[in-house]
1. With labels modelled as points extended 7 Å from the Cα through the Cβ direction, what inter-label distance (nm, one decimal) is found for T279 paired with N40?
2. Going down the list K43/K161; K97/K125; K102/K161; K14/K102, which pairs span over 18 Å between their C-alpha atoms?
3. Nearest 0.05, what FRET efficiency do S30 and E4 give at R0 = 22 Å with Cβ-Cβ as r?
4. Report ³J(HN,Hα) in whole Hz for each residue of the range 362-378, in order, from the Karplus equation J = 6.51 cos²θ - 1.76 cosθ + 1.60 where θ = phi - 60°; Gly and Pro get x.
5. Can you give the calculated 222 nm mean residue ellipticity of the chain, where each DSSP H run of n ≥ 4 adds -39,500 (n - 2.57) and the sum is split over every residue, rounded to the nearest 500 deg cm²/dmol?
6. Within 9 Å, Cβ to Cβ, of L356, how many net charges do the neighbouring residues add up to if Lys/Arg are +1 and Asp/Glu are -1?
7. When a/c is below 1.5 the answer is rounded, else prolate if a/b is larger than b/c, else oblate, so apply that to the range 58-120 with a ≥ b ≥ c taken from the square roots of the Cα gyration tensor eigenvalues.
8. Using modelled backbone amide H atoms (1.01 Å from N, in-plane), which distant-in-sequence or interchain residues come within less than 5 Å of R202's amide H?
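Taken together, the values in this text are just the output of simple stated rules run on the coordinates, not laboratory data. Bear in mind the structure is a predicted one, so any value in this text is a computation, not a measurement. Positions of Cβ are backbone-derived with ideal geometry, glycine not excepted, and every protein chain shown enters the neighbour counts.
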Amino acid sequence: MLIEISITNYRSLKEKSTLSLIADGYDSKSENINLFEYANDKKLRLHNSVLIFGANGSGKSNIVRGLWTLTWLLNNPRHEGEPINFFDPFKFNVNTKNQPNKFEIKFLDSDAIPYLYVVSFNSEKITEEKLTYWPNNRETEVFTREILDENSKVHVIKIGKAAQEKNSEENIYKNNFAISHFSSLTPNEVILNAFNSLKRIRICNSLNIGHRIKISDDFGELLINNEWFNRRVNALIRYADLNINLVRAEKKVDSDDRKGIDKFKFYTQHYLYNGDQRTDISLDIPLKEESEGSQTIISLGSEIIHALDEGGALIVDEFETSLHPKLSKALIRIFQSKKLNPKKAQLIFTTHDTNLMDHHIFRRDQIWFTEKNSRGETELFSMIDFDNLREGHVFEKWYLSGKFGALPQLETIEKAFG
């Protein structure tokens, strides 16, 4: 479970920007809050859904893109000397354009033990990395990266006593992440718990071809090999009222393991009609022939079911793309249902759809905004920061009136065109 996400000097996020999933102490919409107990009597209240609004180009997608970058790097180790892909600092300031990207992720593992993972990197090397956790509510160092020589190809990973299994330190290449190293090449149980928790962060952007292929590969495997997943995905598709009976997958005969290549063919099944009467005969249609909306629902639905099964976090960019507002709200409600979401999965999404800024669905502390200042820097802030706003107020009305900011500043169209 995610507790807090902080990003510094990544694209438009110049200053440290923190998105918190910790619920404020006031009582409202208890179904939106997951309660965790740890260290005997400690309690942590975390939101199961958070949304981010902002004008086009305000930087909200950079939060999603940053998390995708981090998770991709953790899951794709590099050989010696290879550059670290996707290093992307804030470029509009001479003091930051050569400084490292920094990510800080605070989360709970499967045993509800809090962890904090901190990492900074540039295109050549990791410049900072450490993992801390709180067993029995005591801050305990798991590992920290030491750079003894700036020109060295290797760094020293110092392993804390609580996590030591064999050695107290180990050398790894300067361009590889220690948390990944200790989850595979030199497995360590404490670090593996943290790594597996971060692996449960899933990123979804149906407009991005790389994301779409990754989703389709996972989706195809699960549709074919996991009957429980197959049944629930198809139940969700029928609920969405797409006039699709089911979706199925076939592995391509000539499929291989090359990245960026679809490995599956997908088909939707429709019933044939004789006049107004439905027959028992069905017709399969290639999924790519369905509407963009139907394809979006199917890919997003598969990610939702996956997140529910793992109890992980699903991060969605442009959540409302090709979705009817009523369906968007229904999908959000899945995460707020104790029955449908027993493993306490979380949904974080960006959107422009002000219909989703619904005070019947969300608390004030679940709604966040991005706004870009005159220097091109993204500022991230929460609705809870505004005084005189109460749960019963119509959030959308306040937003559209400009009381929260985070709106596009538009002149008249005639003036814009001269």
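1. 7.1
2. Pairs exceeding 18 Å: K43/K161; K102/K161.
3. Approximately 0.55, to the nearest 0.05.
4. Ordered by residue, 3J(HN,Hα) equals 10, 7, 4, 7, 9, 10, 10, 9, 10, 9, 9, 7, 5, 8, x, 9, 7 Hz.
5. Details: 9 runs with 104 residues, N = 418.
That calculation yields -7500 deg cm²/dmol at 222 nm.
6. Working: positive: K329; negative: E320, D353, D358, E396.
Neighbourhood net charge equals -3.
7. It is oblate, given that a/c is not under 1.5 and a/b is not larger than b/c.
8. A313, L314, I315
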